[in-house]
1. Any residue in the range 323-333 that is buried (at least 16 other Cβ atoms within 10 Å of the Cβ), of a type in the set (S, T, Y) and outside any loop (DSSP other than H, G, I, E, B)?
2. I need the full set of residues from the range 87-108 which are touching a Ser or Thr at 6+ places or on another chain (Cβ under 7 Å) and in a loop (DSSP other than H, G, I, E, B), in order please.
3. Contact list please: Cβ distance under 6 Å, first residue in the range 253-268 and more than 13 Å from L283 (Cα to Cα) and in contact (Cβ under 8 Å) with a residue 24 or more places away in the chain, second residue surrounded by 21 or more Cβ atoms within 10 Å (Cβ to Cβ) and not hydrophobic (A, V, I, L, M, F, W, C), pairs at least six apart or on different chains.
4. Could you please find all residues in the range 262-288 being part of a helix (DSSP H, G or I) and either among the aliphatic types (A, V, I, L, M) or over 20 Å from Q326 (Cα atoms) (or both)?
5. When the residues of the range 233-254 are narrowed to those that are under 17 Å from the mean Cα position of the chain (by Cα) and outside any loop (DSSP other than H, G, I, E, B), which ends up surrounded by the fewest Cβ atoms within 10 Å (Cβ to Cβ)?
6. Looking only at the range 465-513, filter to residues that are closer than 15 Å to L434 by Cβ and within 30 Å of the chain's Cα centre (by Cα); which one of those is modelled with the lowest pLDDT?
7. Looking at A240, A216, A220 in this structure, which one is without any contact (Cβ under 8 Å) to a residue 40 or more places away in the chain and closer than 24 Å to T165 by Cα?
8. Could you please let me know if S279 is in contact (Cβ under 8 Å) with a residue 24 or more places away in the chain and at positive phi?
Amino acid sequence: MNANLYLTLRQGFPANLDAIAIETDQGLCYSWRDIERGSAMLANWLDSLDLPAGSRIAAHIDKSVEAMLLYLATLRSGHVFLPLNPAYQSAELSYFIGNAEPAVVVCTPSNFGWVSKLAFQQGTRYVVTLDDQRGGSLLERAAHHSDQHTAVARRPEDLAAILYTSGTTGRSKGAMLSHANLASNALMLKDYWGWVPGDVLLHALPIFHVHGLFIAIHAALLNGSTMLWHSKFEPQRVLADLPRATLFMGVPTFYTRLLAQPGLNAQLCSGMRLFISGSAPMLVDTFSQWQDRTGHTVLERYGMSETLMLTSNPYTADERFQGQSQRVGGSVGFPLPGVTLRIANAQGQALALHEVGSIQVKGPNVFGGYWRMPEKTAQEFTADGFFITGDMGTLDERGYVRIVGRDKDLIISGGLNVYPAEIEDALNQLPGVLESAVVGMPHPDFGEVGCAFVLAKPGAVLDPAALLLALKGQLAGFKVPKLCKLLDELPRNAMGKVQKNVLRQQLQQLGSDSN
């Protein structure tokens, strides 16, 4: 049996392929036949390159329907999709290309000069372009190929995608997700979240990570549901489309910005079936405000690049959980069907209810390991096969999981992962900087943002604003701290390790200066 994920997704297409599948905020409409034909032409172009099976196809491009078609084409042709945040700068992209060794890199036309030079230097054979207005050399080349394509045979364990995720130390790691990982999670969520015929998904998420690319798009394709496609999140445009949608998926930042719109009310949301939030913790205050303003209770869930979705608050009463249907603010709900979750100590022993410990998981959704990092992979799995998520949490007597923090200093800002070690490394290389430490601080819009504490070299005079401006030329904007403070020394313990908990306490004392 061919386990190619595309064939699983294709089974959900409606009988009428001429029905509208995607309607964009630019006024364009794509039918299901357009998705079938467009991805076939792109797949045939990939086939024409005669690449080795499982070649990596890197996409450093803006959100567009054609970018989604490239993903589907990569699946159809039996290769491995490598989505990259288009905000990544040259130093970041150089590492990803060097590590993944993609055979094809797709970038925006405006970035072709520096991206192609970087890619060719590292052995990439093909660099083509794609913009968000249906332009670029990729589509020009694909236009000459057939719109019929037979999906390449894949085994369940064959690699379908690599998503790069970092720890707070060391280089980024490529999480390897198989066709079976992605298919099992998509099929389960379609059922668990109660997708029904006629559902319409309002899609305003980026598509370079799990939430927007896999969780949202896979379910819509499997259900044959129309997507209202927004190239980026703009609160007023989202509000305008809410009356035509039944589902919306977002990060907490989306919800706080929608709450700031005076037009948000229960009448506007009367046709909505489900609001889902993830990628970062939602403040209980935001959760409650949303209930008050819209009459809807947001469903929070928990997942990772390495595992896809792990837990979810219930959609409806579920006999597997004693008939509970309550969605609890501050909780990420129950382990999903097929997922085994435990709260354990460092030795892998399960802890008592309400005790804080390491969240560890096992299931068909859990990735196979990190790309070309067998030792790191071994470190992240327990002897009995559980993946150590790196998050700390609790489990209560009703089965609800709560995440209380992270065992590393990961910052999640607007639903995107920010790793202090990467920022510290960039800061420490700036002229006049002796040392730095970056910690997260609460933010009413982004959930968390970074704050940098910096020590100057003897005799150097540093300007905090200039340091942050310098970082903007090296790192994606979401990684740049919102605040920079100069210190005479960093607090350390007896072993010389920087005490970031003390820095966080200092932030609390800064009060309004931290906002």
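1. No.
2. Correct list: P102, A103, T108.
3. Correct list of pairs: A266/T294.
4. Across the range 262-288, the qualifying residue is only V284.
5. The qualifying residue surrounded by the fewest Cβ atoms within 10 Å (Cβ to Cβ) is F254.
6. Of everything passing the filter in the range 465-513, V498 is modelled with the lowest pLDDT.
7. The unique qualifying residue is A216.
8. Criteria met by S279.
The values are calculated or read from the model by the stated rules, or taken from the named source; none is laboratory data. Bear in mind the structure is a predicted one, so any value in this text is a computation, not a measurement. Cβ sites come from the backbone with ideal geometry, for glycine too, and all protein chains shown count toward neighbours.
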